[in-house]
There are 2 protein chains.
Amino acid sequence: MKLDTLGDWRRTHYSVDVKPEMDGEEVTLFGWVQEVRDLGGIRFIILQDREGTIQITVSQKNSSKEVLAKSEALQKRYSIGVKGNVNKTTMTPRGVEIIPKEIKILSTATIQLPIDITGKTPASLETRLDARALDLCREENKAIFKVQHVAVNAIRDFLFERGFIEVHTPRIIASATEGGAALFSVNYFDKKAFLAQSPQLYKEQLVMSLERVFEVGPFFRAEESHTRRHLSEFVSIDIEQAFADAEDVMQLLEQLIQHVCKTVNEKCQKELSTLKYKVEVPEVPFKRLTYEEVLRELKKKGADVPWGEDIPTPLLRTLGKLHPYFYFITDWPRQTKAFYIQPKEDNPELCEGFDLMWRWIELVSGGTRIASKELLIERLREKGLNP
Amino acid sequence: MKLDTLGDWRRTHYSVDVKPEMDGEEVTLFGWVQEVRDLGGIRFIILQDREGTIQITVSQKNSSKEVLAKSEALQKRYSIGVKGNVNKTTMTPRGVEIIPKEIKILSTATIQLPIDITGKTPASLETRLDARALDLCREENKAIFKVQHVAVNAIRDFLFERGFIEVHTPRIIASATEGGAALFSVNYFDKKAFLAQSPQLYKEQLVMSLERVFEVGPFFRAEESHTRRHLSEFVSIDIEQAFADAEDVMQLLEQLIQHVCKTVNEKCQKELSTLKYKVEVPEVPFKRLTYEEVLRELKKKGADVPWGEDIPTPLLRTLGKLHPYFYFITDWPRQTKAFYIQPKEDNPELCEGFDLMWRWIELVSGGTRIASKELLIERLREKGLNP
């Protein structure tokens with residue numbers, strides 16, 4: 001098929017912006033054919049663009065030969081442009097249809113589509129990923145991308161307002177951040193390099209000058225773990241602040257999360273309803289449970305965690321049922337946390353490290369860093385690491 | 001030395017926010033010792049924080065034993081907190097000094113620093129990178145990070161306003177985007193994978209649903225090239241738009257650059273003056289030179305580029321002198337551009353690809369993409385690639 005070119009056509013409206021009060025107005029729309037229904041003398045084309053859908057109505061009687069020919073050629077997922085007039089009608093859910101004066105076919109598609117993007121006929125994840133371009137047209141997937149976009153932007157706004165500077169640190173690094181177990185290796189011009197698992201060492205150097213920094217971007221962990229919480233590659237939001245302690249960071253985080261929930265609620269009503277998900281804006285401060293309290297709560301549920309051990313995933317699930325939203329776990333035994341977390345002044349067996357939890361999932365971990373070189377060396381030795 | 005802890009001290013002001021009209025007010029400041037000058041009965045400590053510097057004045061006569069002892073221990077780059085009163089004075093450039101009531105030493109530093117961060121004694125790049133944490137305290141480096149922060153944020157704002165959605169695409173990929181020459185390989189659980197050189201294939205799939213997307217983040221090119229324009233790892237800003245052609249993208253880009261220059265000028269006056277750099281806000285539209293015109297201009301300068309060849313770097317430098325700011329080069333021969341760039345309708349030897357230049361440097365390249373599968377296959381064959 002000879003395709004049309006865009007030429008001087010440009011979109012005047014998204015589908016959802018066409019309203020009954022625009023009756024008679026000429027509009028130019030672009031999108032993809034979602035459905036064609038042929039009722040003999042009349043043909044309905046549902047055009048989908050990123051904001052929604054609209055009906056194009058082609059009647060045999062009132063259409064030009066060109067429009068009829070084009071509309072007959074249309075198949076699902078063809079990419080098209082439509083120039084036509086808005087018609088107020090009671091026959092469509094939104095009260096409008098477009099009577100086309102001209103149709104452009106910009107690209108075609110195979111007749112037998114590998115997946116049904118309306119989701120009426122569900123497909124396996126594998127099939128969906130093999131046809132990802134189509135799968136991305138599902139309303140749920142579009143909603144996920146939009147919510148992510150809004151959420152990450154809300155995080156940035158929040159941190160900007162508090163004087164944080166966004167930085168970009170290297171991903172190809174010469175040595176591990178914290179021990180080399182979970183690193184991917186890269187062939188860097190015949191030398192062995194690694195993919196960064198976090199910006200930690202860089203942001204620590206940066207706060208000695210910029211004081212408050214953060215980075216949003218992909219990091220890499222070669223953990224051979226098939227859970228939905230362990231990704232080889234993930235987008236992390238990493239924050240570092242000078243002249244602050246764990247409590248400052250916890251306050252920052254709870255306010256940050258509250259702000260993100262509020263913003264997503266305000267800006268993503270349509271997307272949340274597509275996803276059938278309700279975001280509850282949490283109150284601050286979040287609950288703060290000490291490690292000891294967590295152990296006591298688990299004991300009441302019949303589970304014994306020896307003091308000083310990390311809490312295994314099945315027990316985090318138990319905990320998540322007791323605390324079904326956001327909360328912190330604080331006052332961890334220092335051996336459960338990294339060597340650089342500051343021991344507590346009043347009890348050096350504990351440390352100023354925390355986990356921010358969402359139900360049973362660890363969202364963030366953080367803590368006050370040790371500032372004393374001597375203590376850092378001591379703690380490295382204690383962990384069997386080479387200072 | 002026993003270090004102090006932060007305790008309940010929190011910053012009340014940055015150095016530059018302390019003004020003469022605050023005479024007598026108590027403030028808490030944090031930062032690093034930039035300089036100590038001892039004049040016998042009086043000691044001046046210059047405290048640097050991320051926003052600037054301020055003088056702490058310790059007189060033998062009027063200070064407590066504790067303050068005297070701490071102030072005697074101070075060395076360059078010690079990290080300190082100071083609680084004290086603002087004193088209006090004619091003896092300092094900014095008209096204020098701090099009379100300390102209490103000093104905390106939060107961290108120490110070696111006495112012999114590897115570089116002089118005032119820049120009075122210049123150091124080689126290598127020495128500076130070996131002491132990067134210190135090097136980052138140089139005012140010029142802080143300014144660079146802040147300008148970058150403001151510029152990237154201005155780009156996001158600009159694109160958000162025009163309905164672009166920010167996305168995050170994978171970096172570890174199974175095969176090359178456009179031919180495998182310039183890819184880093186990664187050992188991915190004993191399979192060979194690669195680092196993405198651009199988000200191209202992902203954003204192309206995304207625009208079939210989200211229509212306007214962009215990504216800001218690190219990408220990787222294994223080019224063995226020792227120029228300042230070829231980095232193995234770089235932060236790219238990658239934009240993709242549906243239902244648009246090269247001219248739309250050029251207009252978007254010139255407005256984007258104008259907006260960024262304007263914003264940096266507004267928000268980074270201090271940083272630009274530190275860097276001794278003046279940003280000129282360019283007028284739009286930018287100059288558009290066709291490839292043919294460029295060849296003619298170069299010919300006048302005595303340089304012959306055979307039609308259909310790319311323009312070599314030394315000649316781009318010549319061109320940069322003729323056009324010393326932003327401009328586009330358009331109407332490239334189709335063989336100089338990637339297989340997927342749309343040939344021009346009126347002359348298929350040329351294509352709808354462009355380069356956005358800044359002086360002699362290519363800032364962006366882009367173009368209208370081919371929508372027809374048949375034409376894509378034809379062009380792939382022409383380039384000797386396997387469709």
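Readers should treat all values here as calculations from the given coordinates under stated rules, not as data from a laboratory. Only a predicted model underlies this, so the values are computations on that prediction, with no experimental measurement involved. Positions of Cβ are backbone-derived with ideal geometry, glycine not excepted, and every protein chain shown enters the neighbour counts.
For the reader, a short list of remarks on this structure follows.
- Take the Cβ atoms of B:Ala109 and A:Lys191, set R0 to 30 Å, and the FRET efficiency comes out at 0.40.
- The reciprocal of the average 1/r between distinct C-alpha atoms defines the Kirkwood hydrodynamic radius, which for region A:15-107 equals 12.8 Å.
- Counting only aspartates and glutamates at least 8 places from B:Lys120 when in the same chain, those with an alpha carbon closer than 17 Å to its own are B:Glu35, B:Asp135, B:Glu139, B:Glu140.
- Computed 3J(HN,Hα) for region B:14-28, one whole-Hz value per residue from the Karplus formula 6.51 cos²θ - 1.76 cosθ + 1.60 where θ = phi - 60°, is 7, 3, 6, 8, 7, 10, x, 5, 8, 2, x, 6, 8, 10, 10, glycine and proline marked x.
- Placing dummy labels 7 Å off each Cα toward the beta-carbon, the span from B:Val284 to A:Leu322 is 5.8 nm.
- One Cα centroid belongs to region B:190-254, the other to region B:316-350; the line between them spans 19 Å.
- Chain lengthening between A:Gln255 and A:Asn85 when straightened (0.36 nm per residue, less Cα-Cα): 56.3 nm
- Long-range amide H partners of B:Phe184 with built H, under 5 Å: B:Leu195, B:Ala222
- FRET E, pair B:Ser175, B:Met22, Förster distance 41 Å, beta-carbon r, rounded to 0.05: 0.05
- Residues with amide H under 5 Å from that of A:Ile42, placed H, sequence gap 5 or more: A:Gln60
- Cα gyration tensor category, rounded, prolate or oblate, for chain A with a/c compared to 1.5: prolate
- Angle between chain B longest axis and helix B:139-161 axis [Cα atoms, degrees, rounded to 10]: 50
- For a label point 7 Å along the Cα-to-beta-carbon line of B:Glu66, residues of region B:88-103 with backbone N under 11 Å: B:101-103
- Each part reduced to its alpha carbon centroid, region A:1-36 and region B:116-160 end up 48 Å apart.
- Total formal charge among the other residues, if their Cβ is under 13 angstrom from that of A:Thr108, Lys/Arg +1 and Asp/Glu -1: +4
- Average other protein chain Cβ within 10 Å of Cβ, residues B:182-191: 4
- Simple spin-label estimate for A:Glu362 and A:Leu39 gives 6.0 nm between the two label positions (7 Å along the Cα-to-Cβ direction from each Cα).
- For region B:168-243, the relative contact order works out to 29 percent when only alpha carbon pairs closer than 8 Å and six or more residues apart are counted.
- Orientation-averaged projected area, Cα convex hull of the protein assembly as shown (nm²): 41.0
- Per-residue shielding of A:243-249, expressed as the average number of other chain Cβ atoms within 10 Å of the residue Cβ, stands at 3.
- The stretch between A:Glu204 and A:Ser273, if pulled fully straight at 0.36 nm per residue, gains 20.8 nm over its current Cα-Cα span.
- Theoretical gain in end-to-end length, A:Glu223 to A:Lys300 [0.36 nm per residue, Cα-Cα removed]: 24.4 nm
- Rel. contact order, % - alpha carbon contacts under 8 angstrom, at least six apart, chain B: 9
- The mean number of partner chain beta-carbon atoms within 10 angstrom of a residue's beta-carbon across peptide B:133-144 is 3.
- Tail fraction, Cα-Cα pairs, region B:89-235, threshold 29 Å, whole percent: 48
- The angle between the Cα long axis of helix A:200-210 and the main principal axis of chain A comes to about 90°, on a 0 to 90 degree scale.
- Sequence-distant residues sharing a close amide H with A:Gln342 (under 5 Å, placed H): A:Glu352, A:Thr368, A:Arg369, A:Ile370
- Relative contact order (%) - region B:15-107, alpha-carbon pairs under 8 angstrom, separation at least six: 34
- Distance (nanometres) between label positions extended 7 Å along Cα→Cβ at B:Thr313 and A:Lys101: 5.4
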